[in-house]
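So the structure is just underneath, and the comments pick up after that.
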Amino acid sequence: MEKRKFLLLLKKYRTGQASEQEKAYLTAYYNLFDARPDVTEMLNPEETEFLKNQIKAELKNKIDLHQQKPAAKTFKLYYRLTAAAVVLIAFSAGLLFYAQKNDGNLFSAFRHKPNDIASGGNKAILTLANGNRIILTNAKNGLLAQQGGTQINKTANGQIIYNVAQAVKGTDTAFNTITTPRGGQYMVVLPDSSRVYLDANSSLRFPAAFSGKLRTVMLTGEAYFEVAHNKNMPFHVISKGQTVEVLGTHFNINAYNDEKEIKTTLLEGSVRVSAEGGTALLVPGEQSQIAKTVTAGKNITVIKNANTDEAVAWKNGFFQFENADIQTIMRQFARWYNVDVVFEGNVQERLFSGEIHRNLTVLQALDLLNYANVHFSIDGKKIIVSP
């Protein structure tokens, strides 16, 4: 950008006349003050200091700190698509979109800071019934394999689709498994046209063709399901001691080993959740929770007005937290960024609410939490959390 245009933009910012995109562009320059001196050399020291201080102050104003109880503080983090301030860490998805559209190299230096870790992406391994493994990230588009009358294809946008020839349906004994690593996610279209979105560190086992009276799949980790309607063949998801039965609906299951509860969140339709402690019929907007501790048993708790946006935020490209402690946040970061997390010292109890875009690098994601007096350092693939 020419200096004349840049200074005009800076003047509009000073007088409160800058648009959201113009504010985002200035913020992008702010992020590169240290990493890319060449993009800010047009500013004199006074202009540089003004821009840094104004945008930094605006970010701090976006962090609302208030006491919830003596032992815990809640930090509300604001960075929606229209946020004006995304200081230091390019937190706004709107800013990222704007930067990609207007300057392809704008964040290149910022993304490659020493010790930084890139966000996850579409990564998975498909294990066929015969034991053959296909690394989907490297696989070419088109036909990947054929099992009986089922063709397995990879589309141009990276989806895996199972196509079953009607004439040869008849067995569901050939099971396939799709597995995402830490730092991976993937979407698969099952033989019945149901869509399953797998989050990081998860796996789904399913037949190459459904037959009989039931469509049964087995889940570990987390997945979002869009089940094709078939009243004559109910869809069952088995995960960690619970079974979810549906006819056709949209729902999310979180059954990670390191989480305290198995959570099933219903967005559309109806599902029946079964476990040792009984059954629960969910309606849209409800969430069932089954504690995994021995003392709590397998009783099902139903949350009537669950935060469905939080439950499926990962599928939509965000982390979303509602009064989440730092341990909960770091478990999600560990899965998505493929890192280990170590807590050192007495980290004060704090609760966080807000959204973080999953496209950010780990340093970008952690920087806002630093404003809540929680500190982080990175050692290889390890994040160290300290007071």
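Here, each number is a calculation from the coordinates, and none is a lab measurement. These numbers come from a predicted model, not from an experiment. We place every Cβ from the backbone using ideal geometry, glycine too, and count neighbours over all the protein chains shown.
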Checklist entry - Considering only Cα-Cα distances, which of the following residue pairs are longer than 22 Å: K315/K381; K123/K381; K140/K315; K123/K315; K263/K382; K263/K304? => result K315/K381; K140/K315; K263/K382
Checklist entry - What does the charge count near S202 come to, summing +1 for each Lys or Arg and -1 for each Asp or Glu among other residues with Cβ under 13 Å from its Cβ? => result +2
Item to check | Calculated Rg and Dmax of the stretch 301-387 using C-alpha coordinates, Å | outcome: 13.3, 42
Checklist outcome for this item: Taking a crude spin-label model, label points 7 Å out from Cα along the C-beta direction, the A129 to V283 distance in nm is 4.2 nm
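Can you tell me the order of 224-231, 359-366 when each peptide is scored by its average per-residue count of other Cβ atoms within 10 angstrom, highest first?
Packing order, densest peptide first, comes out as 359-366, 224-231.
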